[in-house]
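Right, one structure below, let's go through it.
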Amino acid sequence: MEICEVKGCNQPGQRHHIVFRSQGGLDFKLNYKYLCPEHHTGNESPHKKKEIDLRYKREMQMELLALFFEDTYTLNQIIELIGNDRKNLEKRFKKVPNIASQYKREDIVRALMGGRLYQ
């Protein structure tokens with residue numbers, strides 16, 4: 001059982017998609033945060049407070065930028081790094097610009113963030 005990731009909370013956590021599936025989020029480890037019911041859907045949650053939602057998205061984006069530190073990657077390298085299933089990533093990256101099957105770092109992060117970057 002996973003514990004809520006909010007500092008000071010030791011309650012059992014539920015899996016929260018940082019980039020919601022409705023926003024184009026995929027199922028991979030960096031897109032999850034474990035939150036107790038109050039921190040997941042309560043008044044102090046990313047579902048109720050935009051600033052919390054945006055903070056989690058920015059944190060995820062920074063983690064992706066740290067993970068993808070080279071200029072370009074192949075789809076196989078992307079799959080290896082995030083551990084997602086090939087079929088889902090092939091579908092996601094079908095329309096992502098590439099040169100000789102090499103994807104640029106920023107385009108990879110944007111695709112994994114549901115099509116946008118957060119400032």
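The values are calculated or read from the model by the stated rules, or taken from the named source; none is laboratory data. This is a predicted model, so every value here is computed, not measured. Cβ: placed from backbone, ideal geometry, glycine included. Neighbour counts: every protein chain shown. Protein only, heavy atoms only, side chains kept; ligands, DNA and RNA dropped before computing areas. Shrake-Rupley method; radii C 1.70, N 1.55, O 1.52, S 1.80 Å.
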Residues of the range 25-80 being closer than 21 Å to N10 by Cα and β-branched (V, I, T), in sequence order, are T41, I52
Pull out all pairs, ordered by first then second residue, where Cβ-Cβ is under 8 Å, the residues are six or more apart or on different chains, the first lies in the range 80-101 and is hydroxyl-bearing (S, T, Y), and the second is open to solvent by less than 90 Å² (accessible area, probe 1.4 Å). S101/T74; S101/L75
Can you name the residue in the range 94-117 that is part of a loop (DSSP other than H, G, I, E, B) and within 17 Å of Y32 (Cβ to Cβ) and, of all such residues, is least open to solvent (accessible area, probe 1.4 Å)? M113
Sort out which residues of the range 24-42 are surrounded by fewer than 14 Cβ atoms within 10 Å (Cβ to Cβ) and closer than 17 Å to R55 by Cβ, and write them in order of number. G42
Which condition number does I78 fail, the rest of (1) open to solvent by 60 Å² or more (accessible area, probe 1.4 Å); (2) touching a strand residue (DSSP E or B) at 6+ places or on another chain (Cβ under 8 Å) being met? (1)
